[in-house]
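Let me begin by presenting the structure, written as structure tokens, before commenting on it.
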């Protein structure tokens, strides 16, 4: 049976990948996820909680709690998929290993790694960071009006990779980098934990279902 053009486009659509501590997940995470899904028409967006961070402090909430909160926050969309591959891994959470795993488990679908601009600037410190370009396209989420100079090492790696049309990101199997401005909300998990530790209100910063879970399980109390 011959596939329609829309069905063919859906089959070829990239799988987006967004990692994080999600400690807890908040509206800022979800707003960015919604915007890139709408703009780039990804097949799905995998939200991957980190188990053993290499460059950051350990999470406050357990992996089980963070996964459950993420599921509560995303259960309204079948395109937002919570993936526990790093949680289930017993070794440190290296992004390059996650992308290799996803290549195998998504029938070799094109991958698009979504990172914030701060994380992107730190790429040269990541494990086997240059291999990331052969495994996925990179979508860098920028803060509107904020520009930072890239290191010489990162600039050299970007040569010939930057694309200015989002369609090119979808058409390339890997190796392209696209800088995209999203709505940046002044929300952070660190700030939310600080508010919760002093019993302050976090309504409209965190989904209601997640707030209820935090309260029921007495998370982030000082």
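Laboratory data are not the source of any read-out in this text; all were calculated from the coordinates shown. This is a predicted model, so every value here is computed, not measured. Here Cβ is always computed from backbone atoms with ideal geometry, including for glycine, and neighbour counts include all displayed protein chains.
When the expected Rg is taken as 2.2 N^0.38 Å, what fraction or multiple of it is the alpha-carbon Rg of segment 129-222?
Compared with the compact-globule rule of thumb, segment 129-222 sits at 1.55.
Say R0 is 41 Å: what FRET efficiency, to the nearest 0.05, do residue 130 and residue 38 get from their beta-carbon distance? Efficiency computed from Cβ-Cβ geometry: 0.85.
Is the C-alpha gyration tensor of segment 42-140 telling us rounded, prolate or oblate? Criteria: a/c under 1.5 is rounded; beyond that, a/b larger than b/c is prolate, otherwise oblate. Here segment 42-140 falls in the oblate category. With respect to the chain, whose longest principal axis is taken over its alpha-carbon atoms, helix 27-40 is tilted by about 20°. Size of segment 114-159 from its Cα atoms: along the principal axes, largest to smallest, the extents are 30, 22, 19 Å.
Can you pull the percent of Cα pairs in segment 5-184 with separation above 27 Å? Cα-Cα pairs of segment 5-184 separated by over 27 Å account for 22 percent.
Between segment 34-64 and segment 113-184, the C-alpha centres lie 17 angstrom from each other. Listed peptides 55-62, 107-114 appear in the order 107-114, 55-62 once ranked by packing, highest mean of other Cβ atoms within 10 Å at the front. Label positions at residue 121 and residue 31, each projected 7 Å from the Cα along the C-beta direction, are separated by 2.1 nm.
Length gained on full extension, residue 91 to residue 64: 8.0 nm, using 0.36 nm per residue less the C-alpha separation. When the chain is treated as a Gaussian network with alpha carbon springs shorter than 10 Å, the biggest mean-square fluctuation among 212, 137, 203 belongs to 203. In terms of Cα atoms, the Rg and Dmax of segment 9-53 work out to 11.8, 36 Å.
If R₀ is 45 angstrom, what is the calculated FRET efficiency for the pair residue 164 and residue 197, using the beta carbon separation as r and rounding to 0.05? Write down the numbers at each step before the final one.
Working: r = 44 Å, r/R0 = 0.97.
Efficiency at R0 = 45 Å is approximately 0.55.
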